[in-house]
Every structure is written in C-alpha cells, then in structure tokens.
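The values are calculated or read from the model by the stated rules, or taken from the named source; none is laboratory data. Keep in mind the model is a prediction, meaning the values are calculated, not measured. In this analysis, Cβ positions are derived from the backbone assuming ideal geometry, glycine residues included, and neighbour counts consider all displayed protein chains. Ligands, DNA and RNA are excluded from the accessible area calculation, which covers all protein heavy atoms including side chains. Shrake-Rupley method; radii C 1.70, N 1.55, O 1.52, S 1.80 Å.
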Amino acid sequence: MITEVCAVQPYSERGVADHTDGPPVTRLYHGGQGHSGSSPYDCVTCGREVASFLHSLRVGVTESGISATATLTSVGTTPCLQWRDVLVLNWRNVSDNSGIVKGLQEAGIPVRVLKDDGIDDVATARSDVVWVAYGQRVRGLERKVVVCLQNPLLDVSARLDFMSRCTSQLVIVSTNH
C-alpha cells in the first residue's frame, strides 16, 4: 500500500526514536476451536474474546470495583474506562445479528450497531455503550480503545484505515497468526 499503490506516503527518517506511552497493540485471532464463520465479524467466539479483553481493561468498572452500570447512586466513583470509550470497527456494514455483536452481548457488554439515526450519538459519545460500526462511516472519530476487525481478503485495511482513530489501546482481530 505504501510502495506500490501509493495510498500512504512513505515515512521519513526523523533521527530520533519513536516513543509511545501507550500499551502495545493487542492481537486476537479468529480461527481454531470454537470459532465459526469466515471472519471475526461472523464469529460469536471472537465477540466473547473481545469482551474478555475489555473486561480485563476494567471497562465499565468504577474505582470502587462496582460496575458502572450496576449502580447510579454511587458518589465520587468514576469509571476507569467507560463503554463509550470503546469503538469496534469492521471493514463492511454491520448487522445486529453478526457474531461479533452477539458475542459481546452474551458477555454483558452494552453494545449498539451504528445505523443512520445514531451518528450524532456515536460522534458525541452520549450513550455509554460500545458502538460497532463500518469503519468508513466514522472516519476520523477517536476513541481510547479501538477494536479493528480485519478484512480476511485485504490484510492491510485495519492497519491503514482504523489505527488513526485509537488514542490508547488498539486491538486487531485478524484471521491469520
């Protein structure tokens, strides 16, 4: 994509080391026992694995250890990360019936699929839910945690199209190890 198609300008040497304060990219893999469908998008197990990773980040858990969705009466407790800080991006349109959405829901994640009437809500992060969207529809939108479902036919899509939207933790779910 850089040298042959020229879709991305080549990087230049800056003479200093690149530094990042954030955690390394997390990779999850579609395939093996329990996985179904041709891509992470179609797979309930991938949805459960993404949910497990989000829970490990303590998304939706307040400093007191109580789920942010479990109580609205807690005073002085703020979530470490909120569900609204997470965006799941796919390389094609997304359905409420997709495996990834079902897997997230089964794990207790509040999730909504972006449709035309939800664009203002996802842009302002008004609702405390994990949004699942076609990546091209939310180009330029940033979130702390971005989960990219990689296109099994075009290996570079997630890295080129979706990474710029992540401000802290990037998760790539791909079909190859």
Original post:
Is there any pair with a first residue in the stretch 137-153 that is over 11 Å from TYR41 (Cβ atoms) and of a type in the set (Asp, Glu) and a second that is open to solvent by 20 Å² or more (accessible area, probe 1.4 Å) and not in a loop (DSSP other than H, G, I, E, B) whose Cβ atoms are under 7 Å apart and which are 6 or more apart or on different chains, and what are they?
Top reply: GLU142/THR167
**OP:** Return only the number of the condition from (1) open to solvent by 60 Å² or more (accessible area, probe 1.4 Å); (2) at pLDDT 90 or above; (3) within 22 Å of GLN150 (Cα to Cα); (4) assigned to a loop (DSSP other than H, G, I, E, B) that SER95 does not satisfy.
**Re:** (1)
**OP:** Give LEU104, LEU87, LEU114 a once-over and let me know the one that is modelled with pLDDT of 90 or more and in contact with a Cys (Cβ under 9 Å, 6 or more places away or on another chain).
**Re:** LEU87
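Table: residues versus (1) of a type in the set (Asp, Glu); (2) loosely packed, with under 13 Cβ neighbours inside 10 Å; (3) within 11 Å of the chain's Cα centre (by Cα); (4) modelled with pLDDT under 80.
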{"residue": "ARG143", "(1), (2), (3), (4)": "no, no, yes, no"}
{"residue": "VAL146", "(1), (2), (3), (4)": "no, no, yes, no"}
{"residue": "PRO152", "(1), (2), (3), (4)": "no, no, no, yes"}
{"residue": "SER157", "(1), (2), (3), (4)": "no, no, no, yes"}
{"residue": "ASP161", "(1), (2), (3), (4)": "yes, no, no, yes"}
{"residue": "CYS166", "(1), (2), (3), (4)": "no, no, yes, no"}
{"residue": "VAL171", "(1), (2), (3), (4)": "no, no, yes, no"}
{"residue": "SER174", "(1), (2), (3), (4)": "no, no, no, no"}
Subject >> Selection within the stretch 105-124 - in contact (Cβ under 8 Å) with a residue 24 or more places away in the chain, in a loop (DSSP other than H, G, I, E, B) and open to solvent by 20 Å² or more (accessible area, probe 1.4 Å) >> reply: ALA107, GLY108, PRO110
